[in-house]
Amino acid sequence: MSTAESSSVAATTSAETQTSTQSVLQLQVASHVKFIKELDQKKDDLFYWTSEHLRLNGVYWGLTALFLLGKPETLDAADVIAYVKSCQQASGGFGGHVGHDAHLLCTLSAVQVLTMLNAVDSVDVEAIVQYVRQLQDPATGAFTGDEWGETDTRFSFSALACLSLLGRLDAIDVEKAVAYVLACQNADGGFGSVPGAESHSGQIFCCLGLLSIAGALDRIDQDELAWWLCERQLPNGGLNGRPEKKEDVCYSWWVLSSLSILGKLHWINRDKLINFILQSQDDETGGIADRQGHYPDVFHTLFGVAGLSLLGYPGLEAVNPVYCMPANIIKRLGLER
Ligand code: FPP
Ligand code: ZN
């Protein structure tokens with residue numbers, strides 16, 4: 001690990017978490033910015049083509065990471081806006097790439113990117129609102145991700161996040177959406193994808209995010225859930241998503257953001273987690289992997305950087321734990337709780 005990178009910012013690791021050589025790991029800001037900037041040039045890489053359906057999500061992951069790293073101007077804003085607009089379908093929703101079917105997860109990414117670039121007015125907002133609205137089941141309050149009918153608390157979160165960013169929560173039945181999410185809570189305090197499904201940190205982020213947006217966090221037992229979440233930290237400092245699973249950098253986001261929403265970030269060992277994330281950086285290519293020694297990708301790069309931001313790592317922009325977007329933008333919209 002090179003410590004000479006001029007734009008790196010030092011981690012305040014404790015003696016316990018320093019490597020055996022006593023070198024202090026640093027966030028390789030310049031390398032990560034380069035890694036994200038060059039993602040679009042990897043056309044000889046098979047993954048570039050097999051991940052086409054995630055391209056719009058990838059723009060959200062990359063752009064958000066750049067904002068948090070303090071380098072939002074790295075991508076050409078006009079190009080990004082034109083690309084996002086080209087993914088909007090006649091239904092009003094957005095697909096994962098030009099010509100792909102619309103899906104709520106992609107629609108949220110589109111709204112997040114347009115919000116960060118101050119360009120929401122350049123698309124048909126009412127069409128987006130109507131697309132999201134018709135995906136709610138009036139009987140249960142649940143949301144499907146698209147017209148094919150799969151239900152998941154990820155989609156409920158996406159719907160509420162999307163509409164709150166657009167200032168249009170009035171278009172759906174928020175109370176029914178809350179009731180559905182409460183029905184997905186388990187006896188261990190966690191939440192699953194549907195009623196009765198196993199607790200999973202990713203779904204917990206979605207359910208807490210939704211309850212926060214709806215102003216309904218007081219309707220759950222927060223301490224019991226926070227205990228389940230802080231038990232996700234393993235001896236090497238990393239966090240897993242569920243009991244018996246391996247640690248993974250993306251859970252530095254799903255678990256930490258959930259603890260942050262509950263005001264319990266201090267329930268995990270900060271230094272050990274910072275060290276785990278920094279060890280998962282790729283020294284040669286830039287980018288962050290799911291764990292040390294694996295290939296980096298833009299998804300884990302965002303969630304590693306966003307996790308570090310929540311932990312107050314020096315030099316990073318603050319992230320909002322509900323929207324996973326720059327905190328100052330959420331504040332400007334009046335959506336900070
Ligand atoms: C783990 O997935 C993560 C989840 C289930 C939550 C995903 C949340 C969204 C897509 C909502 C939008 C998110 C943001 C940040 C705005 P996984 O498939 O990696 O789970 P696994 O580790 O069990 O395989
Ligand atoms: Zn992961």
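Every read-out reported here was derived from the displayed coordinates using simple, explicitly stated rules and does not represent laboratory data. Nothing here was measured: the structure is a model prediction, and the numbers come from that model. Ideal geometry is used to build each Cβ from the backbone, glycine not excepted, and the neighbour counts take in all protein chains shown.
Structure values in brief
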| quantity | calculated |
| --- | --- |
| For Leu310, Leu160, order by how many other beta-carbon atoms lie within 10 Å, fewest first | Leu310, Leu160 |
| Helical mean residue ellipticity (222 nm; -39500 (n - 2.57) per DSSP H run of 4+; nearest 500) of the chain | -12500 deg cm²/dmol |
| Extension reserve of the Lys43-Ser86 stretch, reckoned as 0.36 nm per residue once the Cα distance is removed | 13.5 nm |
| Distance violations [Cα-Cα > 31 Å] among Lys34/Lys331; Lys245/Lys331; Lys37/Lys331 | Lys245/Lys331 |
| Set of aspartates and glutamates near Lys264 by C-alpha distance (under 14 Å), chain-local residues within fewer than 8 positions excluded | Asp221, Asp223, Glu224, Glu231 |
| Ranked His103, His32, criterion: other C-beta atoms within 10 Å, fewest first | His103, His32 |
| Semi-axis lengths (Å, descending) of the ellipsoid that matches the C-alpha gyration tensor of segment 161-318 | 28, 18, 14 |
| Proxy reagent accessibility, fewest Cβ within 10 Å first, across Val24, Val111, Val98 | Val98, Val24, Val111 |
| Largest-first principal axis extents of the Cα set of segment 46-176 (Å) | 45, 33, 26 |
| Between segment 196-243 and segment 128-173, the Cα center-to-center distance that results, in Å | 21 |
| Counted charge near Leu182, where neighbours are those whose Cβ lies closer than 12 Å (Asp, Glu -1; Lys, Arg +1) | -1 |
| Overall form of the chain per C-alpha gyration tensor (a/c, 1.5; a/b vs b/c) | oblate |
| Chymotrypsin sites (Phe, Trp or Tyr not before Pro) within segment 79-148: DSSP coil, no more than 15 neighbouring Cβ in 10 Å | Trp148 |
